[in-house]
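The structure appears below as structure tokens.
The values are calculated or read from the model by the stated rules, or taken from the named source; none is laboratory data. The structure displayed is predicted, hence computed values, not measured ones. All Cβ positions, glycine included, derive from the backbone under ideal geometry; neighbour counts span all protein chains shown.
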Amino acid sequence: MSRIILEGFMGSGKSTYGRVLSKEFLLPFLDTDKEIEKKEGQSISEIFEKKGEAYFRDLETGLLKELSRSDICLNGVISLGGGMPVREENRLLMKECGVVVYIRGSEELLKERLRGKSEKRPLLNGEDLDSRVKSLLTEREGLYLEAADVIVDIEGKEIYEVVNELKMIYNRSGRKRYKV
């Protein structure tokens, strides 16, 4: 199996890097947030607003279970929502699905990337961005690290540099799981 799973905080570029990697290797690409939106027929913000965060997290877990038992993107790239690793069950399922790569950016970089985009991010909407990002990142950092097989730091790197690192990880992933 050569499935690569990209995890990390919102704004880290998981979907962007994943799409580029999948195009370069001609692989299927799946964004779990987009998949959930498609299945539910509404945006993540609408799901949070109408049914709550717990319902959304249940949808994430259900999708991970489906992916772990299926051939969907078996040789492909999957980008996870930023909160996917919050549940222990999800972290275990992520590892069953493929090689988990933590796309890690600094708090300052993530805040910069998220400025002006919080309306699409229900956990940031209406909150003080700086304090909310700091709080969520502090809460999630250990969980990202626990789930990760590999960490790719994005600080100061151009997109092609990150994608080249992901290519190397993908090329090795079919042989064995490893830590860098």
Discussion item. Testing ALA54 on (1) loosely packed, with under 14 Cβ neighbours inside 10 Å; (2) more than 27 Å from GLY105 (Cα to Cα), one condition comes back false. Which one is that?
Written reply: (2)
Discussion item. Any residue at all in the stretch 89-96 that's within 25 Å of LEU129 (Cα to Cα) and either surrounded by 22 or more Cβ atoms within 10 Å (Cβ to Cβ) or among the aliphatic types (A, V, I, L, M) (or both)?
Written reply: no
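Are any of the residues in the stretch 69-83 in a helix (DSSP H, G or I) and over 22 Å from VAL162 (Cα atoms)?
Within the stretch 69-83, not a single residue is in a helix (DSSP H, G or I) and over 22 Å from VAL162 (Cα atoms).
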Item to complete: Looking only at the stretch 87-108, decide whether some residue is over 20 Å from GLU165 (Cα atoms), part of a loop (DSSP other than H, G, I, E, B) and modelled with pLDDT of 90 or more.
Response: yes
Worksheet item: Looking at the stretch 139-159, which of its residues are closer than 14 Å to SER106 by Cα and either among the hydroxyl-bearing types (Ser, Thr, Tyr) or outside any helix (DSSP H, G or I) (or both)?
Response: TYR144, ILE151, VAL152, ASP153, ILE154, GLU155, GLY156, LYS157
Response to the item:
If you go through GLU112, GLU108, GLU49, GLU66, the only one that is exposed (fewer than 15 other Cβ atoms within 10 Å of the Cβ) and either in contact (Cβ under 8 Å) with a residue 60 or more places away in the chain or within 15 Å of TYR144 (Cβ to Cβ) (or both) is GLU49
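If a residue has to be assigned to a helix (DSSP H, G or I) and crowded, with 23+ Cβ neighbours inside 10 Å to count, how many in the stretch 3-23 make the cut? If you could, list the steps in order and put the result at the bottom.
Within the stretch 3-23, the subset assigned to a helix (DSSP H, G or I) is 14-23.
Now narrow it down to the ones that are crowded, with 23+ Cβ neighbours inside 10 Å: 14, 17-18, 21.
Residues in the stretch 3-23 being assigned to a helix (DSSP H, G or I) and crowded, with 23+ Cβ neighbours inside 10 Å: 4 in total.
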Worksheet entry | Leading residue by the ranking (farthest from SER2 (Cα to Cα)) among those in the stretch 54-70 that are out of contact with any Gly (no Cβ under 8 Å at 6 or more places or on another chain) and acidic (Asp, Glu) | ASP58
Worksheet item: Taking the stretch 24-43 as the region of interest, how many residues are in a helix (DSSP H, G or I) and farther than 18 Å from LEU59 by Cα?
Response: 2
Item to complete: Sort through ARG87, ARG91 and tell me the only one that's at negative phi, among the charged types (D, E, K, R) and touching a Pro at 6+ places or on another chain (Cβ under 6 Å).
Response: ARG91
